[in-house]
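The values are calculated or read from the model by the stated rules, or taken from the named source; none is laboratory data. The model shown is predicted, which means the values in this text are computed figures rather than measured ones. Note that each Cβ is placed from the backbone with ideal geometry, even for glycine, and that neighbours are counted across all protein chains shown.
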Amino acid sequence: MKINILISISLLLCSCQAKLPVNVPELSDGDPTTCFVGTDGVNKIVFDQQYTVPFQSYKIYSSGETPAHDPSAWTLKGSYDGKNWVVVDERKDQAFCSRYQEILCPITKPSNYKQYMLEAATETGDTLVIGDVSFYDTNLNAGWEAFKYPGVDFEILDPETKGASVYAGLVQNPDEYIRFHARKVAEILFYTAKDTMNDVQKIEYTLKDYDGVSAKGGNPPVISIVYSTQHIEKSANESLYKLDFETRGVLYHELVHAYQFEPKGIGSYSTNKTFWACIEGLADAVRAQAGYFDMSTRKPGGNWMDGYRTTGFFIQWLTTKDPDAIRKFHETVRDLDEWSFDKAMKRMFGEDASIEGLWNEYQAFLSK
Ligand SMILES: [Zn+2]
């Protein structure tokens, strides 16, 4: 009798372990629209790629489902042998500020674990859904702990519009969502949070019913951004993910205007085309670098003075020559007394470089 019980318990344990999801492809494809749909209660998911490097941080992404299905508490465990598990990180009361949103978690005691196990549950024990989980062998928080997040005043001028209600379905915590992107923009424009940057203290973010996309006004310390509910409605026609992609992309662009330096010695945005092309080109370069443009829309033609994405895609392409090209381009804006595209290229790539030469090389790349 005793033996029978033991056997049945061990069978039970075996069948439980065999059922654990291992290496769920939907969690590691970098696409939060494909997701892991678990069960009620605590879910255990194993990541077993026989890792060879210690991970220093990881990210968990919310899915496109309603927030009730998001993980709100989880434990990450590591193992050298798949039998003994050590708690690596523990989180409680987590809330994702939007759909398809990451939460970055540094790992304080990295070790050479071969496997990881995530134990996660929703707030109410509802069915768990996760968009993605990714691991990094660097601490993605390093150098940015001291970032000074701006305050956000979020206002919906036209709450009765369809765009406003669609936005509420996408973004659950607008203040947090905007602050998150402010830091992401700074990470692309600067090396660390300690670099000299504009003191952006407050962002007034407004949803408004008008025929347009988005615009930025004011100057640091207080800037304002308006986002069109009509544009939200149009962008949401295809899918919620398409709206998210567009909303983040537009936000990246406008937030660059809050943090970017302005070229010196060449007049102003409204009086000098080079000034304008530099400002709008860099804003779209950062958006492209963040991954919020469909890069298949890049086409040969145009000129570096055309601004927006024509200039932006070119500046972003310079990162194929130097991974820090966007930061270095931005430094030329800060440093040159009389800014020009050609002087910027010479400062970045040496006296033999020229804007015409690099542009022609970029055109040749696009024509391939
Ligand atoms: Zn702009």
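Quick notes on this one:
- When restricted to residues that are part of a helix (DSSP H, G or I) and either among the charged types (D, E, K, R) or out of contact with any Pro (no Cβ under 6 Å at 6 or more places or on another chain) (or both), the stretch 328-368 contains 26.
- Checking each residue in the stretch 34-75 for being farther than 29 Å from ALA142 by Cβ, of a type in the set (Val, Ile, Thr) and in a strand (DSSP E or B) picks out only VAL37.
Let's see how each residue does on (1) within 24 Å of ASN360 (Cα to Cα); (2) among the acidic types (Asp, Glu):
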{"site": "ALA236", "(1), (2)": "no, no"}
{"site": "LEU243", "(1), (2)": "no, no"}
{"site": "TYR252", "(1), (2)": "no, no"}
{"site": "GLU262", "(1), (2)": "no, yes"}
{"site": "GLY265", "(1), (2)": "no, no"}
{"site": "PHE275", "(1), (2)": "yes, no"}
{"site": "GLU280", "(1), (2)": "yes, yes"}
{"site": "ALA288", "(1), (2)": "yes, no"}
{"site": "PHE293", "(1), (2)": "yes, no"}
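- On inspection, GLU233 qualifies as among the acidic types (Asp, Glu) and more than 15 Å from the ligand (Cβ to nearest atom).
Yes/no per residue for (1) closer than 24 Å to PHE245 by Cβ; (2) free of Cβ contacts under 8 Å to residues at least 60 places away in the same chain:
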residue: GLU123; (1), (2): no, yes
residue: LEU128; (1), (2): no, no
residue: GLY163; (1), (2): yes, no
residue: ALA168; (1), (2): yes, yes
residue: VAL171; (1), (2): yes, no
residue: ALA193; (1), (2): no, yes
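- Answer residue from the stretch 323-346, given it is over 22 Å from ASP306 (Cβ atoms) and among the charged types (D, E, K, R) and is surrounded by the most Cβ atoms within 10 Å (Cβ to Cβ) among those: GLU331
- Within the stretch 91-125, restricting attention to residues that are β-branched (Val, Ile, Thr) and over 27 Å from VAL53 (Cα atoms), the residue that is surrounded by the most Cβ atoms within 10 Å (Cβ to Cβ) is THR122.
- GLU254 being in a helix (DSSP H, G or I), of a type in the set (Asp, Glu), outside the structural domain of ASP335 (by TED's automatic domain parsing) and buried (at least 19 other Cβ atoms within 10 Å of the Cβ): yes
- Residue within the stretch 99-111 that is more than 23 Å from the chain's Cα centre (by Cα) and touching a residue at least 40 places away in the same chain (Cβ under 8 Å) present: yes
- Pairs linking a residue in the stretch 296-314 that is touching a residue at least 60 places away in the same chain (Cβ under 8 Å) to a residue that is surrounded by 21 or more Cβ atoms within 10 Å (Cβ to Cβ) and among the charged types (D, E, K, R), with Cβ atoms under 9 Å and 6 or more positions apart or on different chains, are ARG298/ARG309.
- Selected residue (only one of VAL222, VAL213, VAL200 is of a type in the set (Val, Ile, Thr), at pLDDT 95 or above, within 16 Å of the ligand (Cβ to nearest atom) and surrounded by fewer than 21 Cβ atoms within 10 Å (Cβ to Cβ)): VAL213
- Scope the stretch 257-291; condition away from the ligand (no atom under 14 Å from the Cβ) and either within 17 Å of MET305 (Cα to Cα) or part of a loop (DSSP other than H, G, I, E, B) (or both); matching residues: PHE261, PRO263, LYS264, GLY265, ILE266, GLY267, SER268, THR271, ASN272, LYS273, THR274, GLY291
- Leading residue by the ranking (farthest from the chain's Cα centre (by Cα)) among those in the stretch 274-318 that are surrounded by fewer than 16 Cβ atoms within 10 Å (Cβ to Cβ) and of a type in the set (D, E, K, R): LYS299
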